[in-house]
Amino acid sequence: MTPLLSVHGITKHYGTHIGCADVSFDLYPGEVMGIVGESGSGKSTLLNCMAGHLAPDAGAVVFDTRTDGPKDTVTMSEPERRMLGRTDWAFVHQHARDGLRMGVSAGGNVGERLMAVGERHYGDIRNRATDWLDRVEIDAGRVDDRPTTFSGGMQQRLQIARNLVTGPRLVFMDEPTGGLDVSVQARLLDLLRGLVRDMGLSAIIVTHDLAVVRLLADRLMVMKSGRVVEAGLTDQVLDDPQHAYSQLLVSSVLQV
Amino acid sequence: MTDYNFAYLDEQTKRMIRRAILKGLAIPGYQVPFASREMPMPYGWGTGGVQVSAAVLTPEDTFKVIDQGADDTTNAVSIRSFFERTAGVETTTDTSAASVIQTRHRIPEEPLKEDQILVYQVPIPEPLRFLEPRESETRKMHSLEEYGLMHVKLYEDISRHGHIATSYAYPVKVEGRYVMDPSPIPKFDNPKLGDMAAIQLFGAGREQRIYALPPYTQVVSLDFEDHPFEASKADQVCGLCGAEDSYLDEVIIDDAGGRLFCCSDTDYCLGRRNAGHQGSSLPGNEVAA
């Protein structure tokens with residue numbers, strides 16, 4: 001089986017500081033990978049390098065494209081990479097405001113990716129937008145409202161709908177539940193889990209919340225100071241952490 | 001003649017602007033940056049158009065200026081006298097007699113010919129500006145032909161108003177490549193942009209951009225399959241000359257809510273009246289409205 005995404009030796013320096021160093025892994029179709037670590041451990045740098053938002057200093061990110069098979073996205077041309085960014089890839093930002101157009105209605109936000117890939121029938125775009133609002137549990141009657149009138153949880157769900165409408169195969173998520181209260185978090189996680197399973201999505205989730213990876217991720221990487229210190233199946237890493245830092249991380253979770 | 005160099009600008013500046021114009025003509029719809037000069041008028045009054053006109057004018061030219069279609073408004077009168085003084089060129093209000101026409105927000109009703117140049121004054125040349133504020137990003141979108149966002153604007157129009165409510169500065173696609181802002185002309189004029197015999201030049205002074213449409217260029221107004229583009233105008237006839245096919249201004253004429261629809265193109269209207277056409281609002285022809 002060909003990996004959907006194959007990461008080889010990704011390294012990114014900020015001057016003399018290490019962003020992330022020599023990270024390699026394979027992600028297979030339908031698999032969800034969690035990346036955990038404390039603030040400043042290089043999780044987001046790694047995610048941005050993989051999603052093409054940052055240019056890594058060294059390494060390759062090989063994606064199994066629909067047309068040409070496995071291809072290195074670091075060296076591919078920018079139009080190709082941006083095309084991937086609005087078709088086969090999706091990126092869910094921590095702050096919904098970064099991923100949404102706040103001055104555009106919910107329907108327009110969801111429809112943007114459709115229009116970007118050439119959809120030119122207003123009725124169809126609107127129907128698909130309404131359908132997706134329904135799938136992320138937003139009332140279809142709010143299709144013409146701006147995201148500024150939505151609550152934080154709704155904005156995050158809208159961002160997810162906007163990203164998934166073109167049927168991507170790989171979703172990058174940067175702390176998707178950050179800044180939401182626990183009950184809203186639980187509903188969002190439930191929704192994400194359902195969508196990931198229904199659509200057979202592969203996902204890479206960056207978070208510092210171990211509960212999120214426990215629920216969503218099949219496999220887990222623990223990062224510290226820009227390097228991967230431990231990787232394995234989620235339950236294995238969380239229940240029997242080997243590296244000192246992983247042990248610290250797991251034992252730091254508050255038990256209620 | 002005055003102590004000014006011909007047409008106010010110095011020869012090096014005109015040369016620089018002509019190079020930008022040639023580049024613009026070579027890549028229809030592409031916004032060419034140029035080093036816009038301070039002109040003796042405020043930004044927003046047509047500094048871009050004036051610079052382009054200055055660069056293309058020759059002593060043999062006949063010059064016409066229209067502002068919203070009219071030859072007799074402040075902007076048109078002052079720019080016309082500016083070039084009378086600094087270039088000493090012939091000026092006219094007759095569309096067919098002019099070789100260079102500078103316009104603000106209209107295309108003349110009378111079809112233009114191959115030996116004419118139409119110069120537009122452009123306030124904001126970037127059609128994506130109000131959707132994407134970053135210049136670096138809009139440039140990238142133009143170079144990679146990522147124009148999905150333009151349709152988001154039209155989508156928003158339909159979802160809010162039930163139809164595409166953008167009625168001026170309606171975005172167009174040039175030769176299947178660049179999306180262009182046609183300057184704030186009414187969308188009634190959009191169909192005239194394409195396949196025009198005259199050269200069309202667009203100058204934005206404050207934003208320092210020049211773009212152009214060579215003669216007989218394909219220009220398509222953006223739309224949706226189920227909401228096609230429609231060139232709209234007031235559903236009236238001209239009260240002065242009775243024209244049914246021209247773009248109309250609505251003029252309030254008294255304190256009792258009385259109003260008059262008349263051609264925004266004053267030269268076209270006058271030409272029709274001189275040819276004997278009469279509208280219902282002329283003295284002696286009034287009908288009870």
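The values are calculated or read from the model by the stated rules, or taken from the named source; none is laboratory data. In this text the structure is predicted, and so the values were computed from the model without any measurement. Glycine gets a Cβ as well: all are built from the backbone with ideal geometry, and neighbour counts include every protein chain shown. With ligands, DNA and RNA removed, areas are computed over all heavy atoms of the protein, side chains included. Shrake-Rupley method; radii C 1.70, N 1.55, O 1.52, S 1.80 Å.
Considering only B:LEU25, A:ALA203, B:GLN218, and ranking their Cα positions along the charge dipole of the protein assembly as shown that arises from unit charges at the beta-carbon of Lys, Arg, Asp and Glu, the one farthest toward the positive end is A:ALA203. Global size of the stretch B:169-228: 11.7, 38 Å for Rg and Dmax (C-alpha atoms, Rg to one decimal, Dmax whole). Total buried accessible area between B and A, probe 1.4 Å, nearest 100: 1800 Å². Mean separation of Cα pairs under 8 Å and 6+ residues apart, divided by the residue count of the stretch A:73-198: what relative contact order is that in percent? That works out to 37 percent.
With 10 Å² as the minimum drop in accessible area between chain alone and full protein complex (1.4 Å probe), the qualifying residues in the stretch A:111-131 are A:GLU112, A:MET115, A:ALA116, A:ARG120, A:HIS121, A:TYR122, A:ILE125, A:ARG126. In this structure, the residue pairs whose Cα-Cα separation is over 23 Å, taken from B:LYS113/B:LYS192; A:LYS12/A:LYS43; B:LYS153/B:LYS173; B:LYS23/B:LYS187; A:LYS71/A:LYS224, are B:LYS23/B:LYS187; A:LYS71/A:LYS224. For chain B, the alpha carbon positions stretch 57, 57, 35 Å along the principal axes, listed from largest to smallest.
Any idea what % of Cα-Cα pairs in the protein assembly as shown are farther than 45 Å? Display every interim value, and only then the final one.
Numbers: 50038 of 148240 pairs.
Summing the P(r) tail past 45 Å for the protein assembly as shown gives 34 percent.
Which of the GluC sites (Glu not before Pro) found in the stretch A:12-85 are in a DSSP loop and have at most 16 neighbouring Cβ atoms, other than their own, within 10 Å? Walk me through the numbers before you get to the answer.
On the way: sites: A:GLU31, A:GLU38, A:GLU80; in loops: A:GLU31, A:GLU38.
Hits after loop and neighbour filter: A:GLU38.
Give the range of the longest stretch in chain B that excludes all chymotrypsin sites (Phe, Trp or Tyr not before Pro) found in loop regions by DSSP and having at most 15 other beta-carbon atoms within 10 Å.
Details: sites that count: B:TYR4, B:TYR43, B:PHE130, B:TYR216.
Looking at chain B, B:44-129 is the longest stretch - no exposed chymotrypsin sites (Phe, Trp or Tyr not before Pro) with at most 15 other Cβ atoms within 10 Å.
Quick one: of the DSSP bridges fully inside chain B, what percent are antiparallel, nearest 5?
Values: 21 of 37 bridges.
Of the beta bridges lying entirely in chain B, close to 55 percent run antiparallel.
Counting only protein heavy atoms and a 1.4 Å probe, the stretch A:102-167 has 34 square angstrom of accessible area per residue.
Which value, in debye to the nearest 20, gives the size of the charge dipole of the protein assembly as shown about its Cα centre, when Lys and Arg are +1 and Asp and Glu are -1 at the Cβ? Write down the numbers at each step before the final one.
Details: 54 positive and 75 negative charges, 224 e Å.
In debye, rounded to 20, the protein assembly as shown gives about 1080.
Leaving out ligands, DNA and RNA, what percent of the accessible area of the stretch A:61-118 is carbon and sulfur, probe 1.4 Å? C and S fraction of accessible area: 50 percent.
Nothing charged except the Cβ atoms of Lys and Arg (+1) and of Asp and Glu (-1): what's the magnitude of the dipole of chain B about its Cα centre? Round to the nearest 20 debye. Could the numbers behind the result be given before it?
Details: 28 positive and 43 negative charges, 198 e Å.
Value, rounded to 20: 960 debye.
Taken over the C-alpha atoms, the stretch A:102-167 has Rg and Dmax values of 10.6, 31 angstrom. Is the C-alpha gyration tensor of chain A telling us rounded, prolate or oblate? Criteria: a/c under 1.5 is rounded; beyond that, a/b larger than b/c is prolate, otherwise oblate. Oblate shape, in that a/c is at least 1.5 and b/c is the bigger or equal ratio. In chain B, the sites counted are GluC sites (Glu not before Pro) in DSSP loop states with at most 16 other Cβ atoms within 10 Å, and the longest stretch holding none of them, exclusive of the sites, is B:61-113.
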